[in-house]
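Input: a single structure, listed below in structure tokens.
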Amino acid sequence: MRYILIGLSICLGIQFASAQTYEAGLMLGGVNFVGDVGSSSFMKTEDYLSQDKVSYGILLKWNRSPRHAFRFSVLRANTFGNDLRSDEPRRFNRGYSFESSITELSVGLELNFFEWDLHALKRPLITPYLYTGPTYFFTDDFFVEDGELVEGNSISNFAIPLVIGIKGALSKHWIVAVEFGARYTFTDNLDGSVQDEINSQTIYPTFGNSNMNDWYMFSGLTLTYTFGRKPCYCNF
């Protein structure tokens, strides 16, 4: 009996591993920073469309059911903050600015509003979706020196992504999506405004709103290619 159970487990495991549908592809878009330097607007269009700050990444999905998928992504987010772009006189007169690159690793759950069956293309396949999951990022901190923001050491921290998008099937194998995702970070020092987060033994000048952590927002397109056998969702 023990050997029968082991054999059944192995057979079911092989079927489970080969009967799923996967997606792999690219992300391309822009990132807007919202913190204590630069514009305080979440939706300032010219910040997303800065041509020298294009952000890009790779995307992997495991469509586990018609309603959800497990998702992993690596994003290289290039962003900046410039007080001269702010509508607030206090920020504009201060004149701080910085440029930053953020490498983000994220794994989590994508939830579809409507059923998403890549093997049922008898009708147009399109659905809005939500995504969130544990996210960890790497970047450089900044500090104030002689009235300017200067790049400092490498740091890393966690963020919570809140992503909404809409995706559609171009064909049986190609999926395109448009998404907007806000990342709430666990730090207020992406722009050098709270240096004591890095070194509590040294007194640094602080500025801005200490009651709100920094955000960065990705807005762009994803293009993925699907592969794998027709899934058997009844195993879920």
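The values are calculated or read from the model by the stated rules, or taken from the named source; none is laboratory data. All of these numbers come straight from a predicted model, not from anything done at the bench. Note: accessible area is taken over every heavy atom of the protein model, side chains too, but ligands, DNA and RNA are not part of it. Shrake-Rupley method; radii C 1.70, N 1.55, O 1.52, S 1.80 Å.
Sequentially through the stretch 133-149, phi angles give Karplus couplings (6.51, -1.76, 1.60; θ = phi - 60°) of x, x, 9, 10, 9, 10, 7, 10, 8, 9, 8, 8, 9, 6, x, 10, 8 Hz, Gly and Pro residues having no value and appearing as x.
Across the protein chains, with a 1.4 Å probe defining accessible surface, the residues VAL54, VAL31 rank VAL54, VAL31 from largest area downward.
With a 1.4 Å probe rolled over the protein heavy atoms of all chains, the accessible area of LEU162, LEU130, LEU170 falls in the order LEU170, LEU162, LEU130, largest first.
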